[in-house]
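The values are calculated or read from the model by the stated rules, or taken from the named source; none is laboratory data. This one's a predicted model, so the numbers in the text were calculated from it and none came from an experiment. Backbone-built Cβ (ideal geometry, glycine too); neighbour counts: all protein chains shown. Remember, those area values only see protein heavy atoms, side chains included, never the ligands or the DNA or RNA. Shrake-Rupley method; radii C 1.70, N 1.55, O 1.52, S 1.80 Å.
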Amino acid sequence: MTKALHPMLARQLRRIGIDPHAGPPSAAQWSALLALTGETYAEYEQLVYLVTRAERMSTDELQRSQSALAEAEQIAGLGSWTWQPGNDTLRISSTLAGLMQLPANTRELSLAHWLDSVESTDRVLLHDSLRHAARQEVSLCGELRLQGYGGLPRWLQYRIVSRPMPDAPGTLAVSGTLLDITERMRAEEQVRTLAFQDPLTGLYNRARFFDLLGSARSRVHEAQEQLALLFLDLDGFKEINDRHGHDAGDQLLRQVAERLRGTVSPHDPLCRFGGDEFLVLIRSKGGEPALNAVAQQILAAIAVPFDVDGRRLSVGVSIGIAVYPRDAMNTLDLVRAADTAMYQAKQQGKGRVEFHRPAAAI
């Protein structure tokens, strides 16, 4: 502004704390500015100029803030939304539109569309959270899965906040954010997989198998079942490893694991215990005859020659079986009992099945 302010107008501006050469006024200053009146035409002309300039500065500042917010959301992968309870649509940011696989210029999302895009197991939780936020002030957070795009599930972390609207007493405004955490969830799953699996065969490793064995022991009491542990040790594997090398031995172990998967029930955990030793955990109500039938199927499956780099290689397997709680009352003793039975099978000529028997009964 090149002309000096009218003295009366300058005093009024000082009274409400506005510097005409500074940035846009605050909300309170803006209200006070709009309430001013000019007593002369010159004073009124200057006042109109100030209001117009302040409005333009406020609009520019808002656009810069919105642009900075959108850029920050995009960098963080964080989408935002607002919702007025009773309305069927949400106002959404461009980042959220991208997360929802919508066109970039989409700024409204129907509530029904959002709910339908969520996996059915999480949809009820999200719906209940929104209803809760519409009734009272809340701050909620959680995780949900979007229905897979390209067959891959996508994980989002959500936050929902509801606050009273200052210009509408008794009315709540609901807003929130969605953050794509798919990569984090996949990384965590990969860590769990590496922690639980044998890297060579993909079967459970010893630590995970012991966890499952401990859990199964508590469940068989409730179901009045028997829990059988089959201890498998390959016959003739060392000779193959020594003659054809470790690579051939590793390929053979992987093929043995595949045959075991195809022989026992998918619900029966399989473990590579170490080297050429494997464990199978079976819950059964059929007693020894049913367990022996499963073991005989394993013997037959392993007896078929393996194709390793065009070579037909053959191994056998000796199997020892211990039953909980008959043969042992804890995890380690059950493994020892099955191991003892397996050595009995080795001593009896290999390629056979032996149940654990107390020393006095042998």
Short version: ³J(HN,Hα) in whole Hz for each residue of the stretch 339-349, in order, from phi by Karplus 6.51 cos²θ - 1.76 cosθ + 1.60 (θ = phi - 60°), x for Gly and Pro, what are they?
5, 4, 5, 5, 5, 5, 5, 4, 5, 7, x
Compute the Cα gyration tensor for the stretch 79-126, then decide on rounded, prolate or oblate, letting a ≥ b ≥ c be the square roots of its eigenvalues: rounded whenever a/c is under 1.5, prolate when a/b is larger than b/c in the other cases, and oblate in all that remain.
oblate
Once fully extended, how much extra length lies between LEU212 and THR89, figured as 0.36 nm per residue of separation less the alpha-carbon to alpha-carbon distance?
39.6 nm
Under 5 Å, built H, 5+ apart or other chain: amide partners of VAL315:
PHE306
Could you let me know the centre-to-centre spacing of the stretch 129-194 and the stretch 231-262, using Cα atoms, in angstrom?
48
Label-point separation (nm) for LEU194 and ARG259, each offset 7 Å from Cα along Cα-to-Cβ?
3.2
Heavy atoms only, probe 1.4 angstrom, no DNA, RNA or ligands counted: give me ARG163, ARG336, ARG261 ranked by accessible area, highest first.
ARG336, ARG163, ARG261
Quick calc, ASP116 & GLU183: beta-carbon distance into FRET formula, R0 25 Å, rounding 0.05, result 0.55
Spin-label pair ASN330/GLU137, simplified geometry with 7 Å Cα→Cβ offset, distance in nm:
5.4
